[in-house]
Each structure stands twice: as C-alpha cells, then as structure tokens.
Amino acid sequence: MKKINQTLILLTAALLLAGCNQAKKEIVKKELFGTYKGGEVYLLTLTNKAGNVLKLTNFGARITWLEVPDKDGKKDNITFGFDTFDGMIAGDRYYGAVVGRYANRIAKGKFTLDGVEYSLPINNGPNSLHGGPEGWHSVAWNTEIPEKTEYPTVRFTYKSPDMEAGYPGNMNVEATYTWTDNNEIIIDYALTTDKKTVFNITNHAYFNLHGAGNGDILDHQLVIKASKFVPVDTFLIPTGEMRPVAGSPFDFTTPHTVGERIGEAYDQLIYGGGYDHTFIFDNAEEVDAAVYEPVSGRFMEVISDQPGVQFYCGNFLNGTMIGHGGKPYVYRSGLCLETGHYPDSPNHPEFPSTVLNPGDTFKSRTIYRFSVK
Ligand code: BGC
C-alpha cells in the first residue's frame, strides 16, 4: 500500500512538472511564417498571464498583432498587420517594424562625419527615409527566446554590415520585446558599432484603440508631454527650429482629440498633411504620452528614455493596404508614436547627437502600456 502511494505521489509530481513545462513553453509559441532571401521567418505568439496576446515576427523585428480587452472585456487586435507572410511582404513596409539605421528622413540622403560625406538611398521625394528601401524593417533578424524570464520575452538580433544602405560601421543591433502580465510591451534596444556612425532606432507600430481596421483615430484623445516640437518644410525635413507648442494645434500637453484642430490653417498642419512631426519630450514625468479612446475605454501610455516622439496620424494611408481579417487601413485609421531622435539630426548640430562611437553601447527602453478606464 505504502509503495503504491509513493508511486502515485511520484507520478503526480512528474505529471505536474510536465504540465508546468508545457505551460512555460506555451508562453512563447514559435511557428514558421515564411522564408525571405533564404532566411526563416517566424511568427512568435506571446501570451501573458492575463491571457492577452502579442504576436511578433523576426521579419523587421516587428509587432504584427496585439489583442487586448476593451472596458467590457471584449478583446480585439489594435495594431496593424497582415494575416500571412506573403501579405506582409506585399504590404506596407513599416507596419510594426523596428526602423533603422536612421528612422525618419535625412535631407537629400547626405550627411558628413569627420569630413567624409556619406550618400544614402533616396526613397522619399529628394530624401532618404527609414534607412532606405532595404532598411532594418525588411530583413530577417535572428530570433532568440531567452529562458527563465519573468514574462514572455523574445530577443531579435541583427548584424548590420559596414556601409549597409550607405552608413559606416558594422553594427550589432538588438531589440528585445517583453510582454508583461500588466499588458506592457517593453522594447529594449542595444546598439554597438566598430566605426563612428549615426543611427536613429524606433518602432513603427500603428494603433487604433477601436480595433485595427475599425474606423479612424480622430476621436482618440492624445496627451504628449512636450512643450516644443520640430517644425518641418514641405518635404518634412526639419527647419532647425524647436518651436513652443503653446497656443498652437500642436499643444497636447493637455488632452485633445487628434481630429479637434487637425483641419486648422496652421503652416505645419498644411506641410505635414496633418500631424507628422517630432515632439520634444519634456521628460519631467514618468509617462511621456498617452492615448484614450472613450468608446472602448482603451488607454495606452508611452514611456521612453528617447528624446522625442514622431506623432504620425496615418495621413498617407489610403485604404489600399488590406490588413488582418481583410480590413482596409483607410486614411487616418491608425496613429504611430515612434519614440526616437529628431529627423535629419546628422545635419543639425543643434539637435541631440545621433553619433555612436566604437566602444559605446546605445541602450534605450520604450514601453507601450495598455489598460482601460
Ligand atoms: C513618417 C511618415 C511616413 C511614414 C511611413 C512615418 O514615420 O513620419 O511621414 O509616411 O513613416 O510609414
């Protein structure tokens, strides 16, 4: 009898352990999503203890699905993406991706470092945008699932070769995503180089708190803790001014809906076709930006140690991109809060420096936190 009991206890323990391992494994599920230039592309499904799901892919180290509840507990995906890898390849290049080497624009695709002029691919009017057409958004990164982490975690790494898209230095890039039980996406970046270079790294996720593909974002209430922003010319290149937001439609230091002042005849709204500008964080508070959508009650907070954020409200979306579930992403149906340095900084010594030297590591963290109220 005693022996039977002992066997039973051992068996139960073994089963429990197997169950735990199974549960542990399941917090990050890795599936083949496609292949790109000979490299395997995976879909990674991260499920937190609240049962909410974040999907990533190593193609562009991108976020492709984020399912969180509304105030009644109804879940929906609130970020832009595609159901299939073929759809992703054919679709918008930047949805949810990590953008580099230089997120946003460099004027005329030229900058000078230590007396040497570098030329970059021109892919946006006369300028270079988002690291050129073959930037970090369009390569298959390596995928690691670190063990023994508190929350589901995926680390993407990429070796960007010297002179890739015209930029000097071999760079090692890391973007680590952690999906906490408190519904926070924590993105940790780490960059090193073996030659002096410039960089600007961001994540280009589009959000619609009604659910991706469910109407526009003009009713989203936005706060950006920024008393200045970066005005641009008609090609969206900074003029060098850092203009106070006070008294203008760029003042989001208190909540305003995106749509409230977007149609005003203000020079910068005309040049940008709406909001498509870097806001300079005051960095005085923990939360740097927040978005509230009153119908669903969804609330998103952005916390970052980067110097600013590109607030882009989907002015170039036109419904031709068909995303998850066959839904078209129409004009202004998604907003991006891309934390980072200011556009064209290598040509603006008055902006915070985007130079990275050998021996230094650039480390930065951005958190997107989701809740309801
Ligand atoms: C830029 C927009 C650009 C978009 C492309 C944003 O970061 O600010 O001007 O059209 O990226 O997806």
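The values are calculated or read from the model by the stated rules, or taken from the named source; none is laboratory data. Just so it is clear, the structure is predicted and the values come from calculations on it, not from any experiment. Note that we place each Cβ from the backbone using ideal geometry, even for glycine, and neighbour counts take in every protein chain shown. Note: areas computed on protein heavy atoms with side chains; ligands, DNA, RNA excluded. Shrake-Rupley method; radii C 1.70, N 1.55, O 1.52, S 1.80 Å.
Along Cα→Cβ, 7 Å out, is where each label goes; now give me the distance between the ones at Glu40 and Lys196 in nm to one decimal.
Reported label-point gap for Glu40 and Lys196 is 4.2 nm.
Rounded to the nearest percent, how much of the accessible area of the stretch 253-351 (1.4 Å probe, protein heavy atoms only) is carbon and sulfur?
On the way: 2040 of 3540 Å².
Carbon and sulfur atoms account for 58 percent of the accessible area of the stretch 253-351.
Give the separation of the Cα centroids, the stretch 206-284 to the stretch 307-373, in Å.
With the stretch 206-284 and the stretch 307-373 each reduced to a Cα centre, they are spaced 13 Å.
Suppose R0 equals 30 Å; then what is the FRET efficiency for Tyr331 and Leu32 from their Cβ-Cβ distance, rounded to the nearest 0.05? Intermediate results must be reported in sequence, preceding the final value.
On the way: r = 35 Å, r/R0 = 1.16.
The formula returns an efficiency of 0.30 here.
When all protein chains stay in place, what accessible area (Å², nearest 10, 1.4 Å probe) is found for Glu40?
My reading of the accessible area for Glu40 is about 90 Å².
Pulled fully out, how much extra length does the chain show between Lys49 and Ser248, if you take 0.36 nm times their separation in residues and subtract their Cα-Cα distance? Numbers along the way, then the final one.
Details: separation 199, 0.36 × 199 = 71.64 nm, distance 4.28 nm.
Net length gain for the segment: 67.4 nm.
For the modelled label position 7 Å from the Cα of Met163 along Cα-to-Cβ, which residues of the stretch 108-144 have backbone nitrogen atoms closer than 12 Å?
Residues 119 qualify, since their backbone N sits under 12 Å from the label point.
With θ set to phi - 60° and the Karplus curve 6.51 cos²θ - 1.76 cosθ + 1.60, what are the ³J(HN,Hα) couplings of the stretch 131-143 in order, to the nearest whole Hz, using x for Gly and Pro?
Whole-Hz 3J(HN,Hα) from phi for the stretch 131-143: x, x, x, 10, x, 5, 5, 10, 10, 8, 7, 6, 10.
Would you compute, from DSSP H runs of 4+ residues alone, the mean residue ellipticity of the chain at 222 nm, taking -39500 (n - 2.57) per run and dividing by the full residue count, rounded to the nearest 500?
Values: 3 runs with 37 residues, N = 373.
Taken over the chain, the calculation gives -3000 deg cm²/dmol.
Nearest 10 degrees is fine. How inclined is helix 2-26 to the longest principal axis of the chain, computing both from alpha carbons?
20 degrees
So with the 1.4 Å probe, I'd like the accessible area per residue for the stretch 278-347, rounded to whole Å². Mind dumping the intermediate values first?
Details: 2200 Å² over 70 residues.
About 31 Å² of surface per residue is accessible.
On full extension of the chain, what length is gained from Lys75 through Thr320, given 0.36 nm per residue of separation minus the C-alpha to C-alpha distance? It would help to have the intermediate numbers written out before the result.
Working: separation 245, 0.36 × 245 = 88.20 nm, distance 2.56 nm.
This chain segment gains 85.6 nm when fully extended.
So how far apart, in nm, are the two label points at Glu260 and Val355 if each is 7 Å from Cα heading toward Cβ?
Result: 4.2 nm between the two label points.
Contour minus end-to-end for Thr234 and Asn214, with contour as 0.36 nm per residue of separation and end-to-end as the Cα-Cα distance?
Details: separation 20, 0.36 × 20 = 7.20 nm, distance 3.04 nm.
Going from the current span to full extension adds 4.2 nm.
Tell me the carbon and sulfur percent of the accessible area for the stretch 164-231, rounded to whole percent, probe radius 1.4 Å. Each step should come with its number before you reach the end.
Numbers: 690 of 1610 Å².
Result for the stretch 164-231: 43 percent of the exposed heavy-atom area is carbon or sulfur.
Where in the stretch 50-146 are there trypsin sites (Lys or Arg not before Pro) that are in a DSSP coil and have at most 12 other Cβ atoms within 10 angstrom of their Cβ?
Values: sites: Lys55, Arg62, Lys71, Lys74, Lys75, Arg93, Arg101, Arg105, Lys108, Lys110; in loops: Lys71, Lys74, Arg93, Arg101.
Here the sparse-neighbourhood loop sites are Lys74.
Can you work out ³J(HN,Hα) from phi for every residue in the stretch 216-223, in order, using Karplus 6.51 cos²θ - 1.76 cosθ + 1.60 and θ = phi - 60°, giving whole Hz and x for Gly and Pro?
Each residue's phi maps through the Karplus curve to give 9, 10, 5, 8, 6, 8, 10, 10 Hz.
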